[in-house]
Amino acid sequence: MAAEKKVGEEAIAVHWKEEELIQPKEEFIRQANMSDPKIYERFSEENYPECFNEYGDMLSWDKRWTKTLDASKPPFFNWFVGGKLNACYNCVDRHLEKYGNKAAIIFAPEPEDEAYQFITYKELYRRVNEFAALLLDMGVKENDVVTFHMPMVAELPISMLACARIGAIHSEVFGGFSGKAVAERADDAESKVLITIDSYYRSGRLIDHKARADECVNKCEETKIEKVLIWERYPGKYSSPTPLVEGRDYLINDLLKNYRGKRVKPVSKPAEDPLFLMYTSGTTAKPKGCQHSIAGYLSYVAATSKYLFDIHPEDTYWCLADIGWITGHSYIVYGPLAIAATSVIFEGTPTYPDAGRSWRIAEDLDVNIFHTSPTMIRMIRREGPDEPAKYDYHFKLMCTVGEPIEPEVWRWYYEKVGKKEATIIDTWWQTENGGVIGSNLPALKPMKPGSCGIGMPGIYPVIFDEAGDEIEKGSGKAGNICIKRPWPGSFQTIWKDPDRYVDTYYRKYSNLESKDYRDYYYFAGDGAVQAADEYFRILGRIDDVINVAGHRLGTKEIESSSGTNEEVAESAVVAKKDPIKGTVVDLYVALKPGFEPSKELEAKIRNKVSTDIGPIARPNRVYIVPDMPKTRSGKIMRRVLAAISNTEDVGDVTSLANPEVVEVIKKRVQG
């Protein structure tokens, strides 16, 4: 049994064993976009910040920049200052001559009896221009913020690119959010125009999406939305039972008939102007509007799409994320399209109508790069662990993004989904970061299950304890991971709240009195440990650390241990208040098909955690539940489980993918 290990308040207890290194296949290395190890030398601190000119050179400019980094007002940083360009031009127009007849976007509808839609770069150019002309006639001006509430349909990137073309700022709100959540963000952004859709498919149902637009308009408190522009899921056929509001609501597909053949010159924008706002989820506080620039952001996602995701123009790339989150903005739309990729957009859920759906799409479209989250991987593994072997697809590269992945889940992904052929990149980054900041370039470093690898080129991570002392690699101690130089993809500020930006991300470890950018450290809010081989393992949010009798335990480590039981599909750890210990661990578990709950299984799971980590980590209770409460993107809502454990109000759960399971869990836990 593992010895109990007591740690102080400044450290997170780490008990994970080091995993083996797995080399990428020679075939992959030979074809990789980046196989030159000198890239790490080119992007060393000695060559900073001019090293990022290499990324800027991947874009097309109306006027070249005169200064790579303006750090005169830290921690507010601007990249490629003096340059002018247009993001839409870089993602569409410049590809027309060479790749005009190549698919830019492949839309995969949820109903399998509907055909795939192949949108070439020429077709994308036409549709973006026509919608841009419509927006101008609707009164949308340069620098206006237009709020979107759109699901995963091709019209979403078309709308984004149309705004970028005319110099407007877009703010997409995840399609699964309530109208109230959209209203909060539209209010903050001061949007006068809302772009939405009448309906879309989810798990076999045609969802009335227009009703949420009405709710949004009615709940806006500070800003009056004057126009609601509505795409139709089936052009020419309004598919929502919610009536249109005369004088406010406009059907885009009807209006576009008047714009056939219209062309709009792309607005030449200063490099440091905002491209879009991306609001954080805001479950515990007011959502933060992360403001991302045009040139810094676009250059960073273009370069990482090419060097990290290894996308070639002839590849078919599928990121199974949602454009309502930063992953979709960066690695479904802007990054891939900037390098002339073919990007797949899937409307539905990966396990509907069955667990083979994802692999049928991969087989049909000859997808060879696959990108998803650990949450989705666990979901697919739970619903159909043997499904991948039934389909004839072959991935050269697979990605995991959004949260730490347990080594056990990583191995299933590698062995079953990737068929031991694909190279895996485990990526670490956040909404605020714009693009991946922690990962290995896949042809240059071996894989390690559960570890994201090293910092990306030009990214210099450091781990601090609470006192601000650096924790050495290989020490076995964990702390707060920070980044010690700005990078182009990072957000510029929080929209209309610069003080919150400074307080949240820089105050903890920076010298705010200094004018030297080298005295500023970006505080990510994640715990991490660095092995002797320099690989980082991300332990999750600092907020997710549970303090049990003076021991600070990372929830991910407990969940990982639970997941090594063959019966367990998903695990979620929450803190429960305790009069003696202060806090104890409650562990929620969902089982794989074919396994039944029992007291014996609960005991087995508790004992496995105790054996793997130590008695201090033994869960107070193990609750075997039919499913976890999840967002529409598949993320487990641990906040809801924590409220149940502590007999607190679970709040509004109507926007969850499965709100009905909350009552089932409450009865199981509270009686």
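Note on the stretch 564-610: among residues that are charged (D, E, K, R) and within 26 Å of Ile542 (Cβ to Cβ), the one that is modelled with the lowest pLDDT is Lys581. Looking across the stretch 505-549, the residues that are more than 24 Å from Ile636 (Cα to Cα) and part of a helix (DSSP H, G or I) come down to Tyr505, Tyr517, Arg518, Asp519. All but one of (1) open to solvent by 30 Å² or more (accessible area, probe 1.4 Å); (2) within 30 Å of Tyr55 (Cα to Cα) hold for Ala271, so report the exception by its number. Of the numbered conditions (1) open to solvent by 30 Å² or more (accessible area, probe 1.4 Å); (2) within 30 Å of Tyr55 (Cα to Cα), the odd one out for Ala271 is (1).
Scanning the stretch 22-56 for residues that are open to solvent by 90 Å² or more (accessible area, probe 1.4 Å) and assigned to a loop (DSSP other than H, G, I, E, B) gives Gln23, Lys38.
Six or more apart or on different chains, Cβ under 6 Å: which pairs go from a residue in the stretch 117-141 that's at positive phi to one that's surrounded by 22 or more Cβ atoms within 10 Å (Cβ to Cβ) and assigned to a helix (DSSP H, G or I)? Could you list them? Cβ pairs passing all conditions: none. Filter the stretch 569-609 for residues that are open to solvent by less than 10 Å² (accessible area, probe 1.4 Å) and of a type in the set (Val, Ile, Thr); which is farthest from Ile377 (Cα to Cα)? Out of the qualifying residues, it is Val585.
Of all residues in the stretch 105-135, exactly one satisfies the criterion of being among the acidic types (Asp, Glu), within 13 Å of Val153 (Cβ to Cβ) and either within 26 Å of the chain's Cα centre (by Cα) or in a helix (DSSP H, G or I) (or both), namely Glu110.
For the stretch 101-114, what are the residues that are buried (at least 16 other Cβ atoms within 10 Å of the Cβ) and not hydrophobic (A, V, I, L, M, F, W, C)? Matches in the stretch 101-114: Lys102, Pro109, Glu110.
Got a number for residues in the stretch 189-203 being outside any strand (DSSP E or B), farther than 12 Å from Val146 by Cα and open to solvent by less than 10 Å² (accessible area, probe 1.4 Å)?
Of the residues in that region, 1 qualify.
Restricting the stretch 248-260 to residues that are open to solvent by 60 Å² or more (accessible area, probe 1.4 Å) and assigned to a helix (DSSP H, G or I) leaves a set whose member that is farthest from Ser199 (Cα to Cα) is Asn258.
Condition first: of a type in the set (Ser, Thr, Tyr) and either touching a Pro at 6+ places or on another chain (Cβ under 8 Å) or closer than 26 Å to Trp79 by Cα (or both). Now tell me which residues in the stretch 21-68 satisfy that.
Tyr40, Ser44, Tyr48, Tyr55, Ser60, Thr66, Thr68 - these are the residues of the stretch 21-68 that are of a type in the set (Ser, Thr, Tyr) and either touching a Pro at 6+ places or on another chain (Cβ under 8 Å) or closer than 26 Å to Trp79 by Cα (or both).
Criterion applied to Val245, Val267, Val301, Val228 was being modelled with pLDDT of 95 or more, over 30 Å from Gln430 (Cα atoms) and either within 25 Å of the chain's Cα centre (by Cα) or in a loop (DSSP other than H, G, I, E, B) (or both), and the one residue passing it is Val245.
Put simply, of Ala211, Ala186, Ala181 the only residue that is outside any loop (DSSP other than H, G, I, E, B), open to solvent by 30 Å² or more (accessible area, probe 1.4 Å) and farther than 19 Å from Glu110 by Cα is Ala211. If I filter the stretch 288-297 for residues that are of a type in the set (A, V, I, L, M), surrounded by 24 or more Cβ atoms within 10 Å (Cβ to Cβ) and at pLDDT 95 or above, do I get at least one hit? For the stretch 288-297, residues of a type in the set (A, V, I, L, M), surrounded by 24 or more Cβ atoms within 10 Å (Cβ to Cβ) and at pLDDT 95 or above: present. Only one of the numbered conditions (1) closer than 18 Å to Met637 by Cα; (2) free of Cβ contacts under 8 Å to residues at least 40 places away in the same chain; (3) buried (at least 17 other Cβ atoms within 10 Å of the Cβ) is not met by Gly554, and that is (2). Note on the stretch 633-671: residues that are open to solvent by less than 80 Å² (accessible area, probe 1.4 Å), outside any loop (DSSP other than H, G, I, E, B), within 26 Å of Arg202 (Cβ to Cβ) and in contact (Cβ under 8 Å) with a residue 60 or more places away in the chain total 4. For the stretch 115-131, taking the residues that are among the aromatic types (Phe, Trp, Tyr) and in contact with a helix residue (DSSP H, G or I) (Cβ under 8 Å, 6 or more places away or on another chain), the one that is surrounded by the most Cβ atoms within 10 Å (Cβ to Cβ) is identified as Phe131. Quick check on my filter: what residues within the stretch 614-626 are surrounded by fewer than 19 Cβ atoms within 10 Å (Cβ to Cβ) and either closer than 24 Å to Ala181 by Cβ or charged (D, E, K, R) (or both)? Residue satisfying the conditions is Arg621 alone.
The residue pairs whose first member lies in the stretch 464-491 and is more than 13 Å from Ser510 (Cα to Cα), whose second member is among the basic types (Lys, Arg), and whose beta carbons are closer than 7 Å, counting only pairs six or more residues apart or on different chains, are Ile471/Lys477.
The rows are residues; the columns are (1) open to solvent by 20 Å² or more (accessible area, probe 1.4 Å); (2) under 25 Å from Gly296 (Cα atoms); (3) in contact with a strand residue (DSSP E or B) (Cβ under 7 Å, 6 or more places away or on another chain); (4) part of a strand (DSSP E or B).
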position	(1), (2), (3), (4)
Pro313	yes, yes, no, no
Trp318	no, yes, yes, yes
His329	no, yes, yes, no
Pro336	no, yes, yes, no
Ala340	no, yes, no, no
Asp354	yes, no, no, no
Trp359	no, no, no, no
Val367	no, no, yes, no
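Would you say Tyr460 is aromatic (Phe, Trp, Tyr), touching a helix residue (DSSP H, G or I) at 6+ places or on another chain (Cβ under 8 Å) and open to solvent by 20 Å² or more (accessible area, probe 1.4 Å)? Yes: the conditions hold for Tyr460.
If you check Gly384, Gly438 for being within 26 Å of Pro486 (Cα to Cα) and not aliphatic (A, V, I, L, M), only one passes: Gly438. Within the stretch 227-257, being more than 18 Å from Ile207 (Cα to Cα) and in contact (Cβ under 8 Å) with a residue 60 or more places away in the chain holds for Lys227, Tyr250, Ile252, Leu255, Leu256. Looking at the stretch 566-632, the strands (runs of 3 or more DSSP E) lying wholly inside it that each contain 2 or more residues that are over 22 Å from Thr375 (Cα atoms) and in contact (Cβ under 8 Å) with a residue 40 or more places away in the chain sit at 568-578.
Take Glu600 and tell me if it is charged (D, E, K, R) and under 22 Å from Val409 (Cβ atoms). No: the conditions fail for Glu600. Take the conditions (1) within 22 Å of Phe276 (Cβ to Cβ); (2) in contact with a Pro (Cβ under 6 Å, 6 or more places away or on another chain); (3) not basic (Lys, Arg); Gln492 misses just one of them, which is (2).
The values are calculated or read from the model by the stated rules, or taken from the named source; none is laboratory data. Since we're looking at a predicted model, the values are computed, not measured. As a convention, Cβ positions derive from the backbone with ideal geometry for all residues, glycine included, and neighbour counts pool all protein chains shown. The area values use the complete protein model at the heavy-atom level, side chains included, leaving out ligands, DNA and RNA. Shrake-Rupley method; radii C 1.70, N 1.55, O 1.52, S 1.80 Å.
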